[in-house]
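The values are calculated or read from the model by the stated rules, or taken from the named source; none is laboratory data. Since the structure is predicted, the reported quantities are computational estimates derived from the model, not experimental observations. Every residue, glycine among them, receives a Cβ derived from its backbone with ideal geometry; neighbour counts consider all protein chains shown.
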Amino acid sequence: MKTKDRIIDAAINFFNQFGIERVSLRQIAGSAGISHGNLAYHYKSKNEILHAIYTRMDTEMSDAVFPKGDHSLEHYHNLLKRISAFQKNYEFFYMDLLAIAREYPEVIERHRKTITKRSKEYDHLIKHFIGKGLVKAEKEAGFYKSLFHSIWVMSTFWLQQKKILGENHPLISSGSDIKHVWEILLPHLTYAGLKEYQTFVNTDIYELRPIQKMYLNQLN
């Protein structure tokens, strides 16, 4: 493994454990098995390391939302699982988002551009599902953009809610970020969409939450 990759792996591991503000470059160097001077040769500051991490993050999630080809709601469900796992791998970023916004504004500017890109991809995906008759037509312009924003806010800060409330809090233990996304989306699925959702939700999961059961009961 290249030295740069070892440094990035070590930084992610430490940031996830202790938070970005509590980790020093010397700690990262020690974990990567190199000297502080050798680390400085590759990355002169924590800011440069964070930019390198964000580049890796962006690469991992590129073309994830709307790859080529036909897509089902199960594709979107699998995407949600991929995003959830991705956020756990880079937990520090979502836990320390406000600190990063304050201390590393250039990274946040990159993140803003990513969100804009994801919003456009999501818009294409929704239109694709409307065309397939799985999602109801938009009754008011901009409705699904607002819906995407609600999903983004919920999923982005889900890990923070788990930390604040605790794993055993009923609001956390009875659900997951993926379940809550579907609770937002279910009212906007057509009958065909609900039928398709039923096919994979029953084979994949987990105990359904009341809202999920309510909408699936419409099929009976």
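Quick notes on this structure:
- Hits in the stretch 1-36 - residues which are crowded, with 20+ Cβ neighbours inside 10 Å and either among the aromatic types (Phe, Trp, Tyr) or out of contact with any Asp or Glu (no Cβ under 6 Å at 6 or more places or on another chain) (or both): Ile7, Ile8, Ala10, Ala11, Ile12, Phe14, Phe15, Val23, Ile28, Ala29, Ala32
- Of the criteria (1) aliphatic (A, V, I, L, M); (2) out of contact with any helix residue (DSSP H, G or I) (no Cβ under 6 Å at 6 or more places or on another chain); (3) more than 30 Å from Tyr197 (Cα to Cα); (4) surrounded by 13 or more Cβ atoms within 10 Å (Cβ to Cβ), which one Ala99 fails: (2)
- Filter result (charged (D, E, K, R), modelled with pLDDT under 90 and surrounded by 15 or more Cβ atoms within 10 Å (Cβ to Cβ)) within the stretch 131-172: Lys162
- If the condition is being among the aromatic types (Phe, Trp, Tyr) and more than 16 Å from the chain's Cα centre (by Cα), then the stretch 139-184 contributes Phe143, Tyr144.
- Per the listing Thr114, Thr55, Thr3, Thr59, the residue uniquely in contact (Cβ under 8 Å) with a residue 40 or more places away in the chain and among the hydroxyl-bearing types (Ser, Thr, Tyr) is Thr114.
- Test: residue in the stretch 45-63 that is within 19 Å of Val153 (Cβ to Cβ), assigned to a loop (DSSP other than H, G, I, E, B) and under 15 Å from the mean Cα position of the chain (by Cα): no
- Scan of the stretch 43-77 for residues that are under 24 Å from Lys162 (Cα atoms) and modelled with pLDDT under 90, ordered by number: Met61
- Odd one out for Asn89 among (1) modelled with pLDDT of 90 or more; (2) crowded, with 16+ Cβ neighbours inside 10 Å: (2)
- Any chance Lys2 is farther than 30 Å from His124 by Cβ, outside the structural domain of Ile178 (by TED's automatic domain parsing), basic (Lys, Arg) and more than 27 Å from the chain's Cα centre (by Cα): yes
- Filtered residue count, the stretch 173-191, keeping only those that are at pLDDT below 90, part of a loop (DSSP other than H, G, I, E, B) and of a type in the set (Ser, Thr, Tyr): 2
- Filtered residues of the stretch 68-117 (kept if of a type in the set (Lys, Arg) and in a helix (DSSP H, G or I)): Lys81, Arg82, Lys88, Arg102, Arg110, Arg112, Lys113, Lys117
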